[in-house]
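Let me begin by presenting the structure, written as structure tokens, before commenting on it.
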Amino acid sequence: MENKKAIKLIEKIVTNLEKSGINTDSLIDNLKELRTFALEEEIPLVVKVLRLTYEHLEENETFLIPIPDDEPIEEGDITNTEAVVDPVESLSYMLSLIKDLKNKMNLSDLKDYRNALNE
């Protein structure tokens, strides 16, 4: 994102996550505020991811989406990725992706988050 207020808000959210974990009340309000910046900058992927994220938080009281894997998992591979979900780490990572949308890998990971949140 280009907006300096949006970047500061992301940093504030991440700092709060690291200090006190997922406090859904303030976190959801902050995500909604961040979404308005994404609307102003006309970044549909970020707008959608943020909306899906706060809806997910409202429904689950935590963030249950794992950090996207670097390599796709083969069908024959048996891994227990669900047990490795760290809600704070995953949400912090997702927010850090939004800060640098010029990086193609960040966009790819955001799309993975969008897809996971849609499921």
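For the stretch 92-109, a tally of residues being in a helix (DSSP H, G or I) and more than 26 Å from Asn23 (Cβ to Cβ) returns 4. If you go through the stretch 37-62 and keep only what is closer than 14 Å to Leu97 by Cβ and outside any helix (DSSP H, G or I), you end up with just Ile43. Counting only residues that are of a type outside the set (S, T, N, Q), touching a residue at least 12 places away in the same chain (Cβ under 8 Å) and farther than 20 Å from Asn106 by Cα, the stretch 18-39 holds 7 of them. Taking the listed residues Ile10, Ile67, the one that is in a loop (DSSP other than H, G, I, E, B) and either under 19 Å from Asp100 (Cα atoms) or free of Cβ contacts under 8 Å to residues at least 12 places away in the same chain (or both) is Ile67, with no other qualifying.
Values quoted throughout were computed directly from the atomic coordinates according to the rules given, and no laboratory measurement underlies them. Not measured: the values here are computed from a predicted model. Neighbour counts run over all protein chains shown; Cβ positions are idealised from the backbone, glycine included.
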